[in-house]
Amino acid sequence: MLGTVLGMATRLVRRVRKPVALPDRFDGYAPIAVPATYLLLFLLVPIAFAIFISFFEYDAITLIDWTFTTQYYQDLLGDSFYVSVLWYTVRLAFIVSACAVLLGYPIGYYVAKTTPFRRQLALLAVFLPLMVGTVARIYGWIVLFATNGVINGFLGALVGVELSLLSNTFAVTVGLFSVFLPLVVLPVYSAIEDMPDSLVPAARNLGANRAEAFLKVELPLSLPGLISGTIFVFVLTMNSVVTPRLLGGRTDITMGVLMYDNAVTNLNWPFASATGTVLTVTTTVLVYVYFKYVRGRMGVET
Amino acid sequence: MSFVSLQNLTKEYGDVVAVDDVSIDVSEGEFVSILGPSGSGKTTMLKAIAGFVEPTNGVISVAGRDVIGLPPEDRNMGLVFQRLALFPHMSVFDNVAFGLRHRESLSKAEIETRVEDILKLVSLPGYGDRSITNLSGGEQQRVALARVMVLEPDLLLYDEPLSDLDRQLREEMRREIKDLHDRMGITSIYVTHNQREALTLSDRVLVLQDAQKVRCAPPSEIYSDPQSEFVANFVGDSNFISGQIGRQNGAPVFETDSFSLPLDDATADESDSSVLYIRPEDVKLNEPATTGNGVSQPGRVTGTVHLGSVTEYDVEVGDRTFLATDLGAPRYEDGDEVTVSFADYGLVEA
């Protein structure tokens, strides 16, 4: 869809440009001109602007007082509260990614190996959460998890126990993990689906038992799918705002929540920008390290 | 005691019988092909031998060991897959060493020597570090062979390994397989629907039709004495004529409404309906008849196909059309009047 639009735009640019007749050496760049402009205008410029204002002081009336400062970065990386927010965010992303792998890989594997009818059903079940709006889905969890909610209602009636399920990291993890699960299931499913059916029999014929055939053949060949899935989940969790805010407790503040509160509630744009910068850099570095690690360890060509 | 023995092998999938009571004994070092059209149960037989399919009934023993119930990894058999099933994430070396690392407690150095040796044998010396995905079709084929041969298995199984290759490469690999078999002497079972591969590679050919064994004999015998219409048609082309067997002057003859042919087969019983097969290369045009009483019929060429080394003719004799082949370029054109004689023919079961 986007490709079609870009292709049409490129052709349009070419047609318009024809009479002007730029030197030939620009020809090779013409097709990338439109996407490049798009990225420049709608991604690089806003990000550069956000990073830029993060170095100036906040002013309650003019929003930005153009005095250079690195105070926000000192706070974010030095103050124990803000460091704990960053640490919480990273930890949450790890937990959610790990849960998504532990449950998503077997589901993806099952979906790839089962009968076409069951595959349809399983994929539908996995994708259903994505079709429900974020807030509606979260309120669904609240109905389940609340102190007088569905789960506690059952528990109270059956065993007389009441659990505190809402407003904690558990609720946030469940809320995020449930919606991000398809992002692991789908690439794992497609990686396993792409594998020729004869590889496992071949491994077994050569003397590997079923478990060894999985570990040495199926797992390494599906790793690229698993890795891309976990990177999606990790990055999206790092940047999550709504779910931690609605399902989390007072201490469940992610960098995203911090950024949101500063930008929207306090109107402290420079601080919000600095938070966003720290978050983006941290996410990029962690993803890069993870990528390097799996690539080096597993010998996966991605 | 034969080396590989299948007794009354049967596999049913619900109501469908995939393999129906097939028995065969293979001696050590023998190369046996299982030949049949698709759906005849040949791959199911192979899977049962390799341990991927549990037979409904029957006995499979290899090297004096009953293998039914053993998992595939404990059967010490090498299976060459139709689509090769090489591990794309491993180097050539790791592919070939895969089995060695599982099967025995070999030292690293021993594994390296054996892999190097086998790569030399399949003419891929020094290919160990290459990635599988960068190899040509023929090279991948050789790796697939090396991967199972390096284990020196009791039995080698081939599941139509050449069917995906182009003609030239197929010929080359066919010779290679034959050559490797001659050198290594590993007992082999080769599944194919390609009669050419079956006839040229094997010591014996087992022909399957609708899950049942219809013939098991050396290739030359299968071709010269097919015994059934199915085999005669499947292994090479044939002209079939129905008629009856009668006697002329005490000797058996094959009679149709328009001509009769003397039969060598003295055992042929008189019967009202029987089928005669004539190989296309035995249908001679404008040649003095070489057998029997020299029956020759007037005919007319109605079709000519030049296939390169041979030419195929459709020849009309009375109300029958015969397929005839002749070496070399076409000598007749459509509409030419010819005399037709039969150099050889035989009876088959209908």
So which residues in region B:155-170 are within 16 Å of residue B:202 (Cβ to Cβ) and of a type in the set (Asp, Glu), if there are any at all?
B:159, B:160
One residue is enough: does region A:276-293 have a residue meeting the conditions surrounded by fewer than 18 Cβ atoms within 10 Å (Cβ to Cβ), over 22 Å from residue A:84 (Cβ atoms), within 14 Å of chain B (Cβ to nearest Cβ) and of a type in the set (Lys, Arg)?
no
Residue under question is residue B:152, and the condition is that it be surrounded by fewer than 17 Cβ atoms within 10 Å (Cβ to Cβ), within 13 Å of another protein chain (Cβ to nearest Cβ) and either closer than 23 Å to residue B:207 by Cα or not hydrophobic (A, V, I, L, M, F, W, C) (or both); does it hold?
yes
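For the subset of region B:214-260 comprising residues that are part of a helix (DSSP H, G or I) and among the small types (Gly, Ala, Ser), which member is nearest to residue B:35 (Cα to Cα)?
Of all residues in region B:214-260, those part of a helix (DSSP H, G or I) come to B:219-224, B:229-234.
Filter once more, keeping what is among the small types (Gly, Ala, Ser): B:220, B:224, B:232.
Values: B:220: 14, B:224: 16, B:232: 13 Å.
Filtering first and then ranking leaves B:232.
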Out of curiosity, is residue A:175 in contact with a Gly (Cβ under 8 Å, 6 or more places away or on another chain) and not acidic (Asp, Glu)?
no
Mind checking which residues of region A:110-146 are part of a loop (DSSP other than H, G, I, E, B) and either in contact (Cβ under 8 Å) with a residue 60 or more places away in the chain or surrounded by fewer than 12 Cβ atoms within 10 Å (Cβ to Cβ) (or both)?
A:115, A:133
If we keep just the residues of region B:95-109 that are hydrophobic (A, V, I, L, M, F, W, C) and buried (at least 19 other Cβ atoms within 10 Å of the Cβ), which is nearest to the other protein chains (Cβ to nearest Cβ)?
B:98
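Looking at this structure, is residue B:203 among the acidic types (Asp, Glu), more than 14 Å from the chain's Cα centre (by Cα), within 22 Å of residue B:5 (Cα to Cα) and outside the structural domain of residue B:278 (by TED's automatic domain parsing)? Write out each step before concluding.
Numbers: among the acidic types (Asp, Glu): yes; more than 14 Å from the chain's Cα centre (by Cα): no; within 22 Å of residue B:5 (Cα to Cα): yes; outside the structural domain of residue B:278 (by TED's automatic domain parsing): yes.
When the stated conditions are applied, residue B:203 does not pass them.
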I want to confirm something. Restricting to region B:70-83 and keeping residues that are more than 8 Å from chain A (Cβ to nearest Cβ) and aliphatic (A, V, I, L, M), which single residue is farthest from residue A:202 (Cα to Cα)?
B:70
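Residue B:48: closer than 27 Å to residue B:4 by Cβ and assigned by TED's automatic domain parsing to the domain that holds residue B:193, yes or no? So that I can check it myself, show each step before the final result.
Working: closer than 27 Å to residue B:4 by Cβ: yes; assigned by TED's automatic domain parsing to the domain that holds residue B:193: yes.
Taking the combined requirement at face value, the residue satisfies it.
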May I ask you to list the residues in region A:263-294 that are without any contact (Cβ under 8 Å) to a residue 24 or more places away in the chain and not in a helix (DSSP H, G or I)?
A:266
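Does residue B:53 qualify as being at pLDDT below 95, part of a loop (DSSP other than H, G, I, E, B) and touching a Lys or Arg at 6+ places or on another chain (Cβ under 8 Å)? Step through it out loud before you land on a result.
Values: at pLDDT below 95: yes; part of a loop (DSSP other than H, G, I, E, B): yes; touching a Lys or Arg at 6+ places or on another chain (Cβ under 8 Å): yes.
Yes: the conditions hold for residue B:53.
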Looking at B:67, B:4, B:92, B:32, which one is of a type outside the set (Lys, Arg), away from chain A (no Cβ under 14 Å), buried (at least 18 other Cβ atoms within 10 Å of the Cβ) and more than 23 Å from the chain's Cα centre (by Cα)?
B:92
Among the residues of region A:187-209 satisfying the criterion of being in contact with a Ser or Thr (Cβ under 8 Å, 6 or more places away or on another chain) and among the β-branched types (Val, Ile, Thr), which is farthest from the other protein chains (Cβ to nearest Cβ)?
A:188
Could you figure out which of (1) at pLDDT below 90; (2) touching a Leu at 6+ places or on another chain (Cβ under 8 Å) isn't true of residue A:76?
(1)
Residue under evaluation residue A:261, criteria (1) surrounded by fewer than 15 Cβ atoms within 10 Å (Cβ to Cβ); (2) away from chain B (no Cβ under 14 Å); (3) among the acidic types (Asp, Glu), criterion not met:
(1)
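Could you list, in sequence order, all residues of region A:237-256 that are in contact (Cβ under 8 Å) with a residue 60 or more places away in the chain and not hydroxyl-bearing (Ser, Thr, Tyr)? Spell out the reasoning first.
Applying the first criterion (in contact (Cβ under 8 Å) with a residue 60 or more places away in the chain) to region A:237-256 yields A:237-238, A:240, A:242-244, A:246-256.
A:238, A:242, A:244, A:246, A:247, A:248, A:249, A:250, A:252, A:253, A:255, A:256, listed by residue number.
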Output the helices (runs of 4 or more DSSP H) that fall wholly within region A:151-257 and possess 2 or more residues being buried (at least 20 other Cβ atoms within 10 Å of the Cβ), or say none.
A:169-194, A:199-205, A:219-238, A:242-247
Breaking point among (1) at pLDDT 90 or above; (2) within 30 Å of residue B:12 (Cβ to Cβ), for residue B:230
(1)
Testing residue B:225 on (1) surrounded by fewer than 17 Cβ atoms within 10 Å (Cβ to Cβ); (2) over 30 Å from residue B:254 (Cα atoms); (3) not small (Gly, Ala, Ser), one condition comes back false. Which one is that?
(2)
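Just the residues that are outside any helix (DSSP H, G or I) and more than 23 Å from residue A:212 (Cα to Cα), please, taken from region B:97-128.
Restricting attention to region B:97-128, the residues satisfying the condition of being outside any helix (DSSP H, G or I) are B:104-107, B:122-128.
Once the filter is applied, which keeps residues that are outside any helix (DSSP H, G or I) and more than 23 Å from residue A:212 (Cα to Cα), region B:97-128 yields B:122, B:123, B:124, B:125, B:126, B:127.
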Of the listed residues (B:214, B:231), the one being touching a Phe, Trp or Tyr at 6+ places or on another chain (Cβ under 8 Å), of a type in the set (A, V, I, L, M, F, W, C) and in contact (Cβ under 8 Å) with a residue 12 or more places away in the chain is B:214
Would a scan of region B:172-188 turn up a residue that is under 18 Å from the mean Cα position of the chain (by Cα), away from chain A (no Cβ under 12 Å) and part of a strand (DSSP E or B)?
yes
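The values are calculated or read from the model by the stated rules, or taken from the named source; none is laboratory data. Computed from a predicted model, the values in this text were never measured in an experiment. FYI the Cβ positions are ideal-geometry reconstructions off the backbone, even for glycines, and counts take in every protein chain you see.
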